[in-house]
Amino acid sequence: MSNISAISQKEIRTYFYSPVAYILISFFLLITGWFFGTNLFLINEATMRNIFSIIPLIFIFFIPAITMRTIAEEKRSGTIELLCTTPVTETQIVVGKFFASLVLLVAAILSTLVYVIILAILGSPDGGIILAGYIGLILMGAAYSAIGIFSSTISQNQIVAFIISFFIIIILFLLDKFLYFIPIWLGSILQYISIDFHFQNIARGVIDSRDIIYYLSIVFIFLFFACKSLYKRKYL
Amino acid sequence: MIEVKNLTKDYGQLRAVDNISFTIPQGEIVGFLGPNGAGKTTTLKIMTCFMPPNAGNVYIDDLNIYQNSIQIRKKIGYLPEGCPLYGEMNVIDFLKFVAELRDIEKASIHKRIKEMIQTCGLKDVVHQEIGELSKGFRQRVGLAGAMIHNPEILILDEPTSGLDPNQIAEIRALIKQLGREKTVLISTHILREVEATCDRVIIIDKGKIVADGPLAEIQNSFHNQNRVYFEIKADTHMLIDEFESLPNIDSIQLYSKENSLYKFYVNFSKDKDIRPDLYNFIKSKEWILFEMRAEQRSLEDIFRQLTEKVEDNE
Ligand SMILES: Nc1ncnc2c1ncn2[C@@H]1O[C@H](COP(=O)(O)OP(=O)(O)O)[C@@H](O)[C@H]1O
Ligand SMILES: [Mg+2]
């Protein structure tokens, strides 16, 4: 456990040593801010709905960008050798890095609380739905992060890692978007695998254990693959 | 004690390490010498549990890399080739990070870091970013990280490569000092390195061990010739011929001849020391002997010959 926290802390510090974290979070706030503004002033609605529907899309870029370096960079610079010859396990490395990206992610998500405060001043938003939306975002973000970490173990090139996670995520995201052309039995399977479907459920304000289990399974599966992939570093 | 047994490692089609075995008793400083691509780094990566071999095992005391990977890592301090470090961290944060990964107790982390800063001479750079340090300092930081948990065994992969001569001397002195109570394995492709720091050398080439023992022993056993260097002043054109006609001589190599000063080597078989005969022969002549000394064949020579001989066999 102390190894995991050592790795997480180091990783978080690395995010904030470099301008990456600041740039990403500013960018995130800029886009969400724009959507918030148009929503508030043009449509005159006191909800976070618009923001909650845009964040999953932003995440498709944002999360691969924060996870791409985590392990790929260790491989490129050779520090993976330092790390893997100390008494830490692959699992501790992967989980440590995952928690670190989660921290950055939650920081970004919580930065949008500014909008909630503005809403609360200007109108009376539905607190329950907003809370559910945040829980959904964090779960979804965690799933994306696990995919990103896994992709980062595959290559020593950050860009390759970005592209791989981007594609995995976008495929999982689009799965339930073309259901009209597909037989119903297959459609419901695809829907269950789709990463966005579960978020839509949660964002409606219904927190169903199936949706939570889905995200936790995605996290678990991809972190498991990440450990296996890191363990198979035969050629490094 | 370290025991490497029948280690083999393939990268696809390429056999990087080919069934090698050696043992290193506790407290010895051993050089792992071989030209680039010989398989040194691969062997060290296996010994430090970074990656598994295709066959064979490494034992450290009664532990082995398959069943006791974590315990073995605890006993070893490792400086990987090229000294990879987190460039964006500063020195003290890096040492803290490594100390935490090494499970050093919270209470003694601070003391341990201070000690390493002291021994490795890092006082002036503790708050600097590692990426901005000179190569010499980076190497010291790497060593400090490798030593922070006070391991029994220190494994260093080309610890002085890329350094300037002053830095090399400093790092060697540091290794010698650090290695006083430890078992140390230093890989290098430079013979000087081994001469400067090691009790014993294991020479590897094309994934195979071609020699193993104290340097002097290898040097002796390797060639069965003795060699004497002469400088003689003589008013004759026949000096070399006269030497060649002596019994028990293998060959004469003329090094230079200026006016009547001859500089040359006499090679003769190890079986019989003919130096008294040579001396008596010269005494019987009207020559002036300027110098006569036994020559060791240079280690560079032997190393080159050892690591090329295998090539010839293929
Ligand atoms: N990751 C790798 N993939 C493929 N071949 C490798 C890899 N690492 C090393 N090799 C090859 O294995 C051989 C031994 O390499 P190495 O152990 O690094 O030698 P040394 O450290 O003695 O220079 C070399 O021929 C090298 O090209
Ligand atoms: Mg090497």
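Overview of results
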item: Residues that are part of a helix (DSSP H, G or I), away from chain A (no Cβ under 11 Å), under 14 Å from B:CYS83 (Cα atoms) and touching a Gly at 6+ places or on another chain (Cβ under 7 Å), drawn from the stretch B:128-167; result: B:LYS135, B:ARG140, B:MET147
item: Answer from A:GLU11, A:GLU81, A:GLU73 - the residue that is of a type in the set (D, E, K, R), under 20 Å from the mean Cα position of the chain (by Cα) and open to solvent by less than 20 Å² (accessible area, probe 1.4 Å); result: A:GLU11
item: Members of the stretch A:142-187 that are open to solvent by 50 Å² or more (accessible area, probe 1.4 Å), touching a residue at least 60 places away in the same chain (Cβ under 8 Å) and not in a helix (DSSP H, G or I); result: A:GLN156, A:ASN157
item: Search result, residues across the stretch B:1-38 that are surrounded by fewer than 18 Cβ atoms within 10 Å (Cβ to Cβ) and of a type in the set (Val, Ile, Thr); result: B:THR8, B:THR23
item: Per-region count, the stretch B:200-258, residues within 26 Å of B:ASN6 (Cβ to Cβ) and in a loop (DSSP other than H, G, I, E, B); result: 3
item: Residues that are outside any helix (DSSP H, G or I) and out of contact with any strand residue (DSSP E or B) (no Cβ under 9 Å at 6 or more places or on another chain), drawn from the stretch B:103-127; result: B:ASP103, B:ILE104, B:GLU105, B:CYS120, B:GLY121, B:LEU122
item: Residues (open to solvent by 10 Å² or more (accessible area, probe 1.4 Å), more than 7 Å from chain A (Cβ to nearest Cβ) and within 16 Å of A:ILE80 (Cβ to Cβ)) located in the stretch B:87-97; result: B:GLY87
item: Filter result for B:THR197 (open to solvent by less than 30 Å² (accessible area, probe 1.4 Å) and under 11 Å from the mean Cα position of the chain (by Cα)); result: yes
item: Residue among B:CYS49, B:CYS83 that is facing another protein chain (nearest Cβ under 8 Å) and under 21 Å from A:SER77 (Cα atoms); result: B:CYS49
item: Residue that is within 16 Å of ligand 2 (Cβ to nearest atom), open to solvent by less than 20 Å² (accessible area, probe 1.4 Å), at pLDDT below 95 and not aromatic (Phe, Trp, Tyr), where the choices are B:MET47, B:MET51; result: B:MET51
item: Per-region count, the stretch B:54-86, residues away from ligand 2 (no atom under 16 Å from the Cβ), under 18 Å from B:VAL184 (Cβ atoms) and open to solvent by less than 30 Å² (accessible area, probe 1.4 Å); result: 6
item: Count of residues meeting criterion [more than 20 Å from A:GLY133 (Cα to Cα) and open to solvent by less than 40 Å² (accessible area, probe 1.4 Å)] in the stretch A:188-212; result: 1
item: Residues satisfying the stated conditions in the stretch A:84-115, i.e. surrounded by fewer than 18 Cβ atoms within 10 Å (Cβ to Cβ) and either β-branched (Val, Ile, Thr) or in contact with a Gly (Cβ under 6 Å, 6 or more places away or on another chain) (or both); result: A:THR89, A:THR91, A:VAL103, A:VAL106, A:VAL114
item: Residue under evaluation A:VAL20, criteria (1) open to solvent by 20 Å² or more (accessible area, probe 1.4 Å); (2) within 14 Å of chain B (Cβ to nearest Cβ); (3) among the aliphatic types (A, V, I, L, M); (4) more than 23 Å from A:ASN157 (Cβ to Cβ), criterion not met; result: (4)
item: One residue from B:PHE94, B:PHE32 being within 16 Å of ligand 2 (Cβ to nearest atom), among the hydrophobic types (A, V, I, L, M, F, W, C) and either touching a residue at least 12 places away in the same chain (Cβ under 8 Å) or not in a helix (DSSP H, G or I) (or both); result: B:PHE32
item: Residue in the stretch A:82-89 that is touching a residue at least 12 places away in the same chain (Cβ under 8 Å) and away from every other protein chain (no Cβ under 13 Å) present; result: no
item: Whichever residue in the stretch B:5-24 is within 14 Å of chain A (Cβ to nearest Cβ) and under 20 Å from the mean Cα position of the chain (by Cα) and, among such residues, is farthest from ligand 1 (Cβ to nearest atom); result: B:VAL17
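The values are calculated or read from the model by the stated rules, or taken from the named source; none is laboratory data. Since this is a predicted model, take the numbers as computed values, not measurements. Cβ coordinates were reconstructed from backbone atoms using ideal geometry, including for glycine residues, and neighbour counts include every protein chain displayed. For accessibility, only protein heavy atoms count, side chains too; no ligands or nucleic acids. Shrake-Rupley method; radii C 1.70, N 1.55, O 1.52, S 1.80 Å.
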